[in-house]
Amino acid sequence: MKQQAWTSLVAASALLWGTAQASPVIGFSGDFAPGNWTATVGANGDPPVADATSLSITSPRPNDNDASQTDFSITVGARATISFDWLYASSDPDGDAFYDPFGILSINAFTQLTDDDGGASQGGTFSVVVGAGEVFGFRALAIDGDYGTATTRVTNFRVDFEGSEVPEPAPLLLIGAALAAIEATRRRQGRAT
């Protein structure tokens, strides 16, 4: 009976190891901390500004009739759903997002989130699934260098990993190994007497 209890405890410890779901990343933290992203700044543009809670990205100011973009991108290590809130403000006198759209980079393509006719101030919540090894990013695009720029603020950034399990900390495995060693020692002592 005593031996069965020890064996069950060792087996339960081994089962616990490796069954925890990956924790979501909340904000620009951990593997998604600002220093882990790549900023590519367009002509006459300003670099994106990010901290643990938000990102501000502004469209560049290329020469007249030239297009340019500023990107803030990262390679995602595992399949995940990325979600965030965004608030866009254009200083363009036309009062719309046509000349300075904002969007995301995913699966090597630009997806515009702003509405060309949606006005100078826009926003929303967006979510996208990104595969392991894919590049994800934010893009502030300037169709031409005329007039003003647009700035988008990204908040409530979250990464939820899908279907991935991560191992619990090594102590659970060590506890299982220690219990197995104790049981083996007791068996040997029981045979010696």
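The numbers here are math on the coordinates, done by the rules we state, and not lab data. Just so you know, these numbers come straight off a predicted model, no measurement behind them. Because the Cβ atoms are built from the backbone with ideal geometry, glycine has one as well, and the counts that use them run over all protein chains shown.
Structure notes:
- According to the Kirkwood relation over distinct C-alpha pairs, the hydrodynamic radius of the stretch 45-167 is 14.9 Å.
- Residue separation of F126 and A33 scaled by 0.36 nm, minus their Cα-Cα distance, works out to 31.5 nm of gained length.
- Here the Karplus relation 6.51 cos²θ - 1.76 cosθ + 1.60, evaluated at θ = phi - 60°, turns the backbone of the stretch 58-73 into coupling constants of 10, 5, x, 10, x, 4, 3, 6, 9, 9, 7, 9, 10, 10, 9, 9 Hz, with x for every Gly and Pro.
- Each residue of the stretch 142-156 was assigned a 3J(HN,Hα) from its phi angle through the Karplus expression (A = 6.51, B = -1.76, C = 1.60, θ = phi - 60°), giving 10, 6, 8, x, 6, 6, x, 10, 9, 10, 10, 10, 9, 9, 6 Hz with x at Gly and Pro.
- A simple rule links phi to the HN-Hα coupling: the Karplus curve 6.51 cos²θ - 1.76 cosθ + 1.60 with θ = phi - 60°, which for the stretch 37-44 gives 8, 10, 9, 10, 9, x, 3, 6 Hz, with x for Gly and Pro.
- Cut-off under 5 Å, modelled amide H: who pairs with D146 long-range: N65
- Note on W37, W86: ascending count of other Cβ atoms within 10 Å places them as W37, W86, the fewest first.
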